[in-house]
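Right, one structure below, let's go through it.
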Amino acid sequence: MKKTIHIMMLIAALTIAWGCSSDSSDGGNYTFTTAATRPDWAVDWHNSEPVPDWVEPDQNLFEHSMYLILALPQNLVPFSTEDDLMAVFINNECRSVSKASPLEDGSMVYFINKVRGNDTDKEVYFTLKYYSGGLHQTFVIDGIDQYVPDLILGLDRDFAPNLMAGSTKYPYQMMIDPVMSENLPFTPSPDDLIAVFVGNECRGVAPAQEALSMVIYGRHEGEEATLRYYSAKTQGIYTLNQKLTIQALSQPIEVPLTF
């Protein structure tokens, strides 16, 4: 009898020990998972769109033109290839198409577009469409600026619209201001990260101390996302139970992080 009790106590002790050595635990408002190294969370911008068949218009049909000298935003430069295209549309009609002109050292990529128009196009807002050969994705920015005959836009200073805002892969974008709760299960560190996930797909990430107006990217409006926090001090990831609904918003919203 004593031997049986001793064995049962041993099994119970081993069960407790195994439970304590698990790499995952539940904190009530979060699930904690150990992470020996800082996660390499990143939004995947790659898509599968073919090269568009944009066609340069017949210049004989137009009375005048303006020039655009566009600098590709730095976050898109690493993905630029010879398949890149920049097009300008007025009233859904293609008025200019250009190829990429990278600097020799690859640090900057420019596009020079001669945009054709008529008197009826004066002061009409045009649309930019950029195709990234490396990402196989089109970025569309509506109402970027007005058509003004003989103007050279981008000559005095770089004209570099935020093309990421016109992603066709992630058409729904919002900004959040994460607000930390008072009683944290860790000590904040400069190496901490905050990320938003839909399933296992990262939709936004930023250093925790620089997460003000953090941009979240959505494929569809109304997607439910979860928030993850990486703590360098505890070497772990806190997946919060709270949900974030992705929607197209023009202003940042506060999101309290409940641990």
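The charge dipole of region 165-217, taken about its Cα centre with unit charges on the Cβ atoms of Lys, Arg (+1), Asp and Glu (-1) only, comes to about 300 debye. Cα gyration tensor of region 133-259, axes a ≥ b ≥ c as square roots of the eigenvalues: rounded (a/c below 1.5), prolate (a/b > b/c) or oblate? Here region 133-259 falls in the prolate category. Working note: Cα atoms of the chain, range along each principal axis, descending, whole Å: 103, 34, 30. With all protein chains in place and ligands, DNA and RNA left out, the 1.4 Å accessible area ranks D177, D142 as D142, D177, largest first.
Listed by chain and number, the aspartates and glutamates whose alpha-carbon sits under 16 Å from that of K99, ignoring those within fewer than 8 places in the same chain, are D53, E56, E82, D83, D84. In a shell of Cβ-Cβ distance under 13 Å around P39, excluding P39 itself, what net charge do Lys and Arg (+1) and Asp and Glu (-1) give? Spelling it out: positives minus negatives among the neighbours equals -1. Across the chain, Cα pairs under 8 Å and at least six residues apart give a relative contact order of 20 percent.
R116 sits among other residues whose Cβ lies under 11 Å from its own Cβ, and their net charge, with Lys and Arg +1 and Asp and Glu -1, is -3. Applying D = kT/(6 pi eta Rh) to region 160-222, where Rh is the Kirkwood radius over alpha-carbon pairs, T corresponds to 4 °C and eta to 1.567 mPa s, the Stokes-Einstein value obtained is 98 µm²/s. Under a Gaussian network description of the chain, with springs only between Cα atoms under 10 Å, the residue in A100, A35, A225 that fluctuates furthest is A35. Net charge in the neighbourhood of C202 (other residues with Cβ under 10 Å of its Cβ; Lys, Arg +1, Asp, Glu -1) is -1.
Per residue of the chain, the DSSP helices (runs of n ≥ 4 H) give a summed -39500 (n - 2.57) that works out to -2500 deg cm²/dmol at 222 nm. Volume per residue of the convex hull around the Cα atoms, evaluated for region 86-174, comes out as 122 Å³. Based on alpha carbons, the Rg and Dmax found for region 187-259 are 12.1, 35 Å. Placing dummy labels 7 Å off each Cα toward the beta-carbon, the span from K122 to S213 is 3.6 nm.
Compared with the dominant principal axis of the Cα atoms in the chain, helix 2-20 is inclined by about 20°. For the residue pair T81 and T168, what label-to-label distance in nm results when each label sits 7 Å from Cα along the Cα-to-beta-carbon direction? My value for the distance between the label points is 1.6 nm. Build a GNM of the chain with springs between Cα atoms under 10 Å apart, and of T33, T120, T138 the one that fluctuates most is T120.
The values are calculated or read from the model by the stated rules, or taken from the named source; none is laboratory data. Values in this document were obtained by computation on a predicted structure and should not be read as measured data. Neighbour counts are summed over all protein chains in view; Cβ atoms, including those assigned to glycine, are modelled from backbone coordinates with ideal geometry. Heavy atoms of the whole protein, side chains included, go into the accessibility calculation; ligands, DNA and RNA do not. Shrake-Rupley method; radii C 1.70, N 1.55, O 1.52, S 1.80 Å.
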